[in-house]
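This report refers to the structure that appears directly beneath it.
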Amino acid sequence: MKVLVTGATGGLGKALVAGLIMAGYAVRATGRRDGQALKDMGADYIQADLTKGSLGPLVDGVDGVFHAAALSSPWGRDADFQAINVDVTRNLLVAARRAGCRRFIFVSSPSVYARERDQLELRESDPIAERPLNAYARTKGEAEGLVRAASDAGMACVALRPRAIIGPDDDVLLPRFLRLIKRGRFPLVHGGRALIELTDVRDVVRALIAADACAPDIGGAVINISGGKAVSVHDLIRELADAMGREVRFLPTPYAVLRLIASVNEAVCGLLPGRPEPALTLYSLSALAFSQTFDMSLACELIDYTPQYDAIKAACELGRHS
């Protein structure tokens, strides 16, 4: 079976290509950056900008698509998020159907749930946020809706929402934590009691491959994926700091104060040339201040998923070598 992997030069994309090849798939991969490492794995690599040109050649001759390409950031221009996360997904769905693809597996995000309140044991049936906290959450939700609506007997489409992916090529969550720890100070909101569930990239790859195998029977489904082990922000930062051999001083700060700072930062950075990313955004603050955990009963039921790796240990190991 031959498949296309988009976003293949990203952390998840690289791990997914490796996992698919090990599972016996023939892989065509695409990304914006140099893909020599993917070629060395045995993938047919095509460097491309999915926002430009026809997507037909990428899906020609493949049986399925793993769509992992996205603009994943707490900050950026709305138009960029719309173009990459929504428009590319829409165009790729059309191209895949025209090419006769039988599967379309989409990497969504639990950011669609993000709210300024604790949310425990979230299920797929729980409503996503009516007012997304940033453009990333909004566009991932919109793209997810396109994927689920496109599913039919001809092309089974499934969306997975992996939470806080931890892997050697991660450039989103863990590096931000590590930078704060290296500075020696970490803002602590609500005593650091907010719970977070990390997910080892190897478990995410397993879930995506399982979703592909089960797609004909579960087309149109959306599935939450996490490492299944909740840890408080305080304890996670403490464990990471210990692994790094660093001293970190927690700075207890009222949420209202940090929210005001984040709002001002966003307003100012939105006016500056190049719109630099603020040191603190409302979205990032919500992840530090409020719990988000998941009930993975549906993942177990539909794709027989249970976590196999301890993502907290994986994060500490990466921190140790950072």
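The values are calculated or read from the model by the stated rules, or taken from the named source; none is laboratory data. As the structure is a prediction and not an experimental result, all values here were calculated from the model. Heads up, the Cβs are rebuilt from the backbone with ideal geometry, glycines too, and the neighbour counts pull from every protein chain shown.
Structure above, values below:
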| read-out | value |
| --- | --- |
| The stretch 10-47: number of residues that are at pLDDT 95 or above, touching a Leu at 6+ places or on another chain (Cβ under 9 Å) and assigned to a loop (DSSP other than H, G, I, E, B) | 1 |
| Residue within the stretch 151-170 that is modelled with pLDDT of 95 or more, touching a Cys at 6+ places or on another chain (Cβ under 7 Å), surrounded by fewer than 22 Cβ atoms within 10 Å (Cβ to Cβ) and within 21 Å of S226 (Cα to Cα) present | no |
| Segments classed as helices (runs of 4 or more DSSP H), wholly inside the stretch 252-322, with at least 1 members that are over 20 Å from D200 (Cβ atoms) | 255-271, 282-289, 297-303 |
| Residue match in the stretch 95-113 (condition: at pLDDT below 95, of a type in the set (G, A, S), part of a loop (DSSP other than H, G, I, E, B) and surrounded by fewer than 21 Cβ atoms within 10 Å (Cβ to Cβ)) | no |
| Residue that is among the hydrophobic types (A, V, I, L, M, F, W, C) and closer than 30 Å to T253 by Cα, where the choices are A150, A156, A164 | A164 |
| Residue match in the stretch 182-191 (condition: part of a loop (DSSP other than H, G, I, E, B) and either more than 17 Å from the chain's Cα centre (by Cα) or surrounded by 18 or more Cβ atoms within 10 Å (Cβ to Cβ) (or both)) | yes |
| Filter result for the condition that a residue is touching a Pro at 6+ places or on another chain (Cβ under 7 Å) and either surrounded by fewer than 21 Cβ atoms within 10 Å (Cβ to Cβ) or on the phi < 0 side of the Ramachandran plot (or both), over L174, L258 | L258 |
| Looking only at the stretch 228-246, and only at residues there that are charged (D, E, K, R) and out of contact with any helix residue (DSSP H, G or I) (no Cβ under 7 Å at 6 or more places or on another chain), the one that is farthest from S291 (Cα to Cα) | D242 |
| Pair list, Cβ under 7 Å, 6 or more apart: the stretch 55-71 residue in contact (Cβ under 8 Å) with a residue 12 or more places away in the chain and buried (at least 19 other Cβ atoms within 10 Å of the Cβ), other residue among the small types (G, A, S) and not in a loop (DSSP other than H, G, I, E, B) | L55/A95; V59/A95; V59/A96; V65/A96; A68/G13 |
